[in-house]
Amino acid sequence: MKDAILRLDGVHTHIGQYHILHGIDLVVPRGQLTMLLGRNGAGKTTTLRTIMGLWQASKGHVHFDGRDITKLSTPDIAQAGIAYVPENMGIFADLTVRENMILAARNGEIDPKRLKWIFGLFPALEKFWSLAAGTLSGGQKQMLAIARAIVEPRELLLIDEPTKGLAPAIIMNMIQAFRELKSTGATILLVEQNFMAARLLGDSVAVMDDGRVVHRGAMAELAEDTTLQQKLLGLSMDAHQ
Amino acid sequence: MLPNNPIHSILSGDYPRSKALSVALVIVLVSLAFAPFLFPGSQPLNVAAKICVFVILVASYDLLLGYTGIVSFAHTMFYGIGGYGVAIAMYNFNAGWGALGLGVLAALVLAMLLALLIGLFSLRVRAIFFAMITLAVASAFAILASQLNEITGGEDGRSYRIPEMLRPAFRLFDEPVLGVMINGRILTYYLIFFAALILFLLALRVVNSPFGRVLQAIRENDFRAEALGYRVVVYRSIANCLSAGMATLAGVLMALWLRYTGPDTTLSFAIMIDILLMVVIGGMGTLYGAVLGATIFILAQNYLQVLMGQFSGMLEAAGIPLLPGLFHADRWLLWLGILFVLSVYFFPVGIVGKLRQMKS
């Protein structure tokens, strides 16, 4: 197995009086796309938010690139090299597409070569470059959120349900973009409900249920084993068509 | 327009983006620039000076409320610090430029230190708590200003002399220019006008800088801004300090104009409400809104009563029943309130927002 860029050891998270994560153990290998799957309410988003420090782990440790980041603040974690694309298109609606992108560039400037590559992945962004991000369609907003995360090379991308609520054609565009992103050697932890997308993209997989990781392994193995899918995710055979 | 265009550079690339708005802004700018010649007399000049000061005060508040999403009730406190800085310095030392500079400097340092302290201690908490804390601090400051009789003049405030060149008796030329004698009062007006213009353009530069973009991102979603690596508390504190500094300078300008500083003219909660109304009327999150909001509100405050009196007289002379009473000059506050409710109803995004929407 490749070396791990991110490791969660027995992470517990409480939100108010609710105990959401019950000792998560998770490893994200460097240079791979790891899928984080699970039913609604399994704790996937909480896991990403805990990694980012948006919610503090009440117990356990988060190690990133060999460094304990459990108690770091969110800006410190972001500056350490983790980019986060939250659920529901985490864009700034009042700012233009350009301003959204520049915000994510740490020195305030975007490398023109990288921008050209991003426009290749998401052509709509070039077209609407000077428009307010709030005026974009749902798919375009999601593209912008992902583009913002990759505006500079980052050690790890955390992406929460990028295909949620998108039309099938847009989902295929998104999958293609992730494939290209993978080909550059990016490390990605991707939360996804769409099993078809997960099967096409994932190298490894972790499945969560009730705040725990209940399965870890290669994505290809889970994709082949329909009984396991049924057991872990409650997927019917129709979901694979 | 091209980025190397001088207008682009002066406006920091932030164009009005509406023909009607551009026309309105040019009318306000030209009227204020030539106010002593276009509208002779002390009352119009007083209104014009007040507009200049309030444009800065409202713009500085919009930097907090409209651009950063912070609700503060301590804005008049900073405005008051500016006023009292000038008052105390001019009252206690010789009324020269040195004393004025010292007063301004001391006021700026105190205001920005207070803003930093309030920011660092309370900008971590939820917005409503920050608003409450600023309200408490501002109230405490107002009480302090009233109680420290020896220093501030208490409830009576302080009247003082200003540098000779700015006094009404000073004459710059022996002969009138365009029919107007250029005296110290007019020089004070132009000092206020140009200071306000420069401060406004600096504020435009701030909100259109990378720093300003981060403030807007924080206003929209502070968690997302943090996830991009921005320390929200630091940015909010800097915005709070900048806004306080601008409000302090507005207080300085008003103190120079009035040659008097007291609790009612600087620290009153009514001024805080006026600032809020001007921001809402002009439009939040756009500095041009401060120009239109302040101009309309101050014109209404100063002339609505007179206009209503004349209108009521006309209705009475025409023998129309009931209406003369309704439009009596004493009811001007009622009509100002109605105007405000209507403007919020019809222009929820403010006048600037509405004009830009009409354009698109």
So, with points 7 Å from each Cα along the Cβ direction, the A:GLU221-B:VAL344 label distance in nm works out to 6.3
For A:LYS127, counting only aspartates and glutamates whose alpha-carbon sits under 20 Å away and dropping same-chain residues fewer than eight positions off, the answer is A:ASP94, A:GLU99, A:GLU109, A:ASP111
Of every Cα-Cα pair in chain A, the percentage lying beyond 31 Å is 21
Lys and Arg at +1, Asp and Glu at -1: neighbours of A:ALA220 with Cβ under 11 Å from its Cβ sum to -3
Averaged over residues of B:203-215, the number of beta carbons from other chains lying within 10 Å of each residue's Cβ is 2
Asserting the computed 222 nm helical MRE of chain B (DSSP H runs at least 4 long, -39500 (n - 2.57) per run, divided by residue count, to nearest 500) equals -24000 deg cm²/dmol
By the C-alpha gyration tensor axes a ≥ b ≥ c (rounded if a/c is under 1.5, else prolate when a/b exceeds b/c, else oblate), the shape of segment B:119-245 is oblate
Restricting to lysines and to Cα separations under 22 Å from A:LYS231, and discarding same-chain partners fewer than 8 apart, the set is A:LYS44
Computed ³J(HN,Hα) along segment A:129-140: with the Karplus parameters 6.51/-1.76/1.60, θ = phi - 60°, integer Hz and x for glycine or proline, the list is 3, 9, 8, 5, 4, x, 8, 6, 6, x, x, 5
Taking every DSSP bridge whose two residues both lie in the protein assembly as shown, the antiparallel percent to the nearest 5 is 60
Restricting to lysines and to Cα separations under 23 Å from B:LYS50, and discarding same-chain partners fewer than 8 apart, the set is none
In nm, the gap between the two label points placed 7 Å beyond Cα toward Cβ at B:TYR190 and B:SER159 is 2.8
For the pair A:SER183 and A:ASP111, the simple spin-label estimate (label points 7 Å beyond Cα toward Cβ) gives in nm 1.8
Spelling it out for A:LEU21: with amide H atoms placed in the peptide plane at 1.01 Å from N, the residues 5 or more places away or on another chain with amide H under 5 Å from its amide H are A:THR13
Honestly segment A:55-118 on the Cα gyration tensor test (a ≥ b ≥ c root eigenvalues; a/c under 1.5 rounded, otherwise a/b vs b/c for prolate or oblate) is just prolate
Sparse-neighbourhood loop hits (trypsin sites (Lys or Arg not before Pro), segment B:1-69; DSSP loop; Cβ within 10 Å at most 16 others) -> B:ARG17
Dividing the mean separation of Cα pairs under 8 Å (6+ apart) by the residue count of segment B:203-309 yields a relative contact order in percent of 14
Taking chain A and counting helices only, DSSP H stretches of n ≥ 4 at -39,500 (n - 2.57) each over all residues, the nearest-500 ellipticity at 222 nm comes to -10000 deg cm²/dmol
Contact order relative to length for chain A, counting C-alpha pairs under 8 Å separated by 6 or more residues, stands in percent at 26
For segment B:267-350 the mean separation of alpha carbon contacts under 8 Å (6+ apart) over residue count, i.e. relative contact order in percent, is 32
The answer for A:LEU131, listing residues at least 5 apart or on another chain whose modeled amide H is closer than 5 Å to its amide H, is A:VAL97, A:ARG98
Under the Karplus relation with 6.51, -1.76 and 1.60 and θ = phi - 60°, whole-Hz ³J(HN,Hα) for segment A:187-198, x at Gly and Pro, equal 9, 9, 10, 10, 8, 8, 9, 7, 5, 4, 5, 4
Inter-chain shielding metric for A:52-64, i.e. average beta-carbon neighbours from other chains within 10 angstrom, reads 1
Expected vector for segment B:55-67, Karplus 3J(HN,Hα) from phi with 6.51, -1.76, 1.60 and θ = phi - 60°, integer Hz, x for Gly and Pro, equals 4, 5, 4, 6, 4, 5, 6, 5, 4, 7, 6, x, 9
Computed for segment B:170-289: size of charge dipole around the Cα centre, +1 on C-beta of each Lys and Arg, -1 on C-beta of each Asp and Glu, debye to nearest 20, value 280
Note: A:92-104 gets an average of partner chain Cβ contacts (10 Å, Cβ to Cβ) equal to 4
The set of residues whose placed amide H lies less than 5 Å from the amide H of A:LEU37, leaving out same-chain residues fewer than 5 positions away, is A:ALA206, A:VAL207, A:MET208
Yeah, segment B:1-94 with a ≥ b ≥ c from its alpha-carbon gyration tensor (a/c under 1.5 is rounded, else prolate when a/b outruns b/c, oblate otherwise) is oblate
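Read the figures in this text as sums done on the coordinates, not as results from a lab. As the structure is a prediction and not an experimental result, all values here were calculated from the model. A quick note on method: Cβ atoms are made from the backbone with ideal geometry, for glycine too, and the neighbour counts reach across all protein chains shown.
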